[in-house]
1. Answer with yes or no whether Ala39 is surrounded by 11 or more Cβ atoms within 10 Å (Cβ to Cβ), without any contact (Cβ under 8 Å) to a residue 60 or more places away in the chain and in contact with a Lys or Arg (Cβ under 7 Å, 6 or more places away or on another chain).
2. Quick check on region 47-55. Is at least one of its residues out of contact with any Lys or Arg (no Cβ under 7 Å at 6 or more places or on another chain), at pLDDT 90 or above and on the phi > 0 side of the Ramachandran plot?
3. Quick check, is Glu19 at pLDDT 90 or above, of a type outside the set (Val, Ile, Thr) and surrounded by 10 or more Cβ atoms within 10 Å (Cβ to Cβ)?
4. Looking at this structure, is Leu85 of a type in the set (A, V, I, L, M, F, W, C) and at pLDDT below 90?
5. Report, by residue number, each residue of region 42-64 that is loosely packed, with under 14 Cβ neighbours inside 10 Å and of a type in the set (Lys, Arg).
6. Please identify the pairs in which a residue from region 70-96 that is in a helix (DSSP H, G or I) has its Cβ atom under 7 Å from the Cβ atom of a residue that is charged (D, E, K, R), counting only partners at least 6 apart or on another chain.
7. Considering only region 14-57, state which residues are in a loop (DSSP other than H, G, I, E, B), among the polar types (S, T, N, Q) and closer than 20 Å to Ser70 by Cβ.
Amino acid sequence: MQDDPHRDRLYEAPDDAREHQRSRLWLSNGVALSLLLVAVFNPVSLERWAAANPPNWAVETVRLTVGVWSERMGLARLDEPRLWLEQRWSDLKALDWDDVEPEEDDPPSTERQ
């Protein structure tokens, strides 16, 4: 595979091993924080992911564990923001043009009294 000169110009490898380690640490912290936020505020997505994969020991363990976790987050009412957004989204999908600009049965009269 031939090196791309444009890519080489844009990417500069860290000079210091510490800088490279610090970059990996920031990346791993960002991924861990994202996973934690999803696990707390949207565990249903983890359940859906587990249900979409072919069953094996690991996927079934994750599915069952996330099912219990999802119930606990629901009891703590941490799923309220997700439920609110889902409700607003379903309300928006249910809108029709008639709801936005309803037809008037009787046009307003322009006569002066």
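The values are calculated or read from the model by the stated rules, or taken from the named source; none is laboratory data. Just so it is clear, the structure is predicted and the values come from calculations on it, not from any experiment. Backbone-built Cβ (ideal geometry, glycine too); neighbour counts: all protein chains shown.
1. On the way: surrounded by 11 or more Cβ atoms within 10 Å (Cβ to Cβ): yes; without any contact (Cβ under 8 Å) to a residue 60 or more places away in the chain: yes; in contact with a Lys or Arg (Cβ under 7 Å, 6 or more places away or on another chain): no.
For Ala39, the condition - surrounded by 11 or more Cβ atoms within 10 Å (Cβ to Cβ), without any contact (Cβ under 8 Å) to a residue 60 or more places away in the chain and in contact with a Lys or Arg (Cβ under 7 Å, 6 or more places away or on another chain) - is not met.
2. Scanning region 47-55, I find no residue that is out of contact with any Lys or Arg (no Cβ under 7 Å at 6 or more places or on another chain), at pLDDT 90 or above and on the phi > 0 side of the Ramachandran plot, so the answer is no.
3. Working: at pLDDT 90 or above: no; of a type outside the set (Val, Ile, Thr): yes; surrounded by 10 or more Cβ atoms within 10 Å (Cβ to Cβ): yes.
It is false that Glu19 is at pLDDT 90 or above, of a type outside the set (Val, Ile, Thr) and surrounded by 10 or more Cβ atoms within 10 Å (Cβ to Cβ).
4. Values: of a type in the set (A, V, I, L, M, F, W, C): yes; at pLDDT below 90: no.
Taking the combined requirement at face value, the residue does not satisfy it.
5. Listed by number, the list holds a single entry, Arg48.
6. So the pair list comes out as Ser70/Glu47; Met73/Asp79.
7. Hits for region 14-57 are Asn42, Asn53.
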